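Okay, so here's the structure we're looking at.
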Amino acid sequence: MEQTKETTYRYRWVILGVLWITYIVVFLNRLSVGPLAPFFKEDLGITSAQVGLIMSAASFGYMVTLLPMGWVVDRIGARWPMVIGELIAGAAMITLFFAPSYIWLLVFMFVTGIGCGFLMPSTTQSVIVWFPAKERATIMGLKQTAVNIGGIITAVTLPAVALALGWRYGFLFLGIVAIAIAVTALILYKEPARPSSSSTDSAASAVAVPLLELLKNRDIWL
């Protein structure tokens, strides 16, 4: 059944829910090391400096992914990068359940960061394409509350999980949550209907901007 303009407009609130739970995974995963560190630090016999490197590995994977994934999202839309990023992050976190040593923690936290790096460009673009200009700053603010909520959830739940079942189950729990959210995004997220071609001729010509042109732009650097 064809969606009307009104039903599409109302559906943006479903989209906001999808974006919020998607973005919360970034910080559930990236901030998981701190609450679990006292447990796996003793178990694996690693130092505080090595724990810091594990956290840095996740941040580095996140950082190196942002620019290329922004380029991809601009060209294919947000849905598949969002879903694939969640699946990568979730699979990497589940793999941490089996990590036998510090090196594997380092490697798979880096992979987790890569998966999370898919999510910031895709959720941000989704806000832009789904919400009118008069709502975007508010919606972006709501989306970004996931940063704090993710940190609160990990701090409250992961030590309890580690005490009850072991630190590996904390990573397992987060991986399962990420994959469940990936499935939710796949089902519920839709690309918005495109306006008629007569109203988009001028906009279409402005979409494909070469990356080098962006890097040469003084306003971008400022």
- Evaluation of F131 against (1) modelled with pLDDT of 95 or more; (2) within 21 Å of W20 (Cα to Cα) (one fails), failing number: (1)
- Among the numbered conditions (1) more than 26 Å from V83 (Cα to Cα); (2) at pLDDT 90 or above, tell me where E6 comes up short. (2)
- State whether one or more residues within the stretch 22-38 are more than 19 Å from I149 (Cα to Cα), assigned to a helix (DSSP H, G or I) and at pLDDT 90 or above. yes
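For D43, are the conditions met, namely being among the acidic types (D, E) and modelled with pLDDT of 90 or more?
Details: among the acidic types (D, E): yes; modelled with pLDDT of 90 or more: no.
It is false that D43 is among the acidic types (D, E) and modelled with pLDDT of 90 or more.
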- Task: Pick out the one residue from A58, A99 that is open to solvent by less than 60 Å² (accessible area, probe 1.4 Å), within 29 Å of G166 (Cβ to Cβ) and in a helix (DSSP H, G or I).
- Result: A58
- Is one or more of the residues making up the stretch 70-77 in contact (Cβ under 8 Å) with a residue 24 or more places away in the chain, open to solvent by 50 Å² or more (accessible area, probe 1.4 Å), aromatic (F, W, Y) and within 23 Å of L186 (Cβ to Cβ)? yes
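The values are calculated or read from the model by the stated rules, or taken from the named source; none is laboratory data. Everything quoted here is computed from the prediction, not taken from an experiment. Counting neighbours? That spans all protein chains shown, and the Cβs are built from the backbone with ideal geometry, glycine included. Note: areas computed on protein heavy atoms with side chains; ligands, DNA, RNA excluded. Shrake-Rupley method; radii C 1.70, N 1.55, O 1.52, S 1.80 Å.
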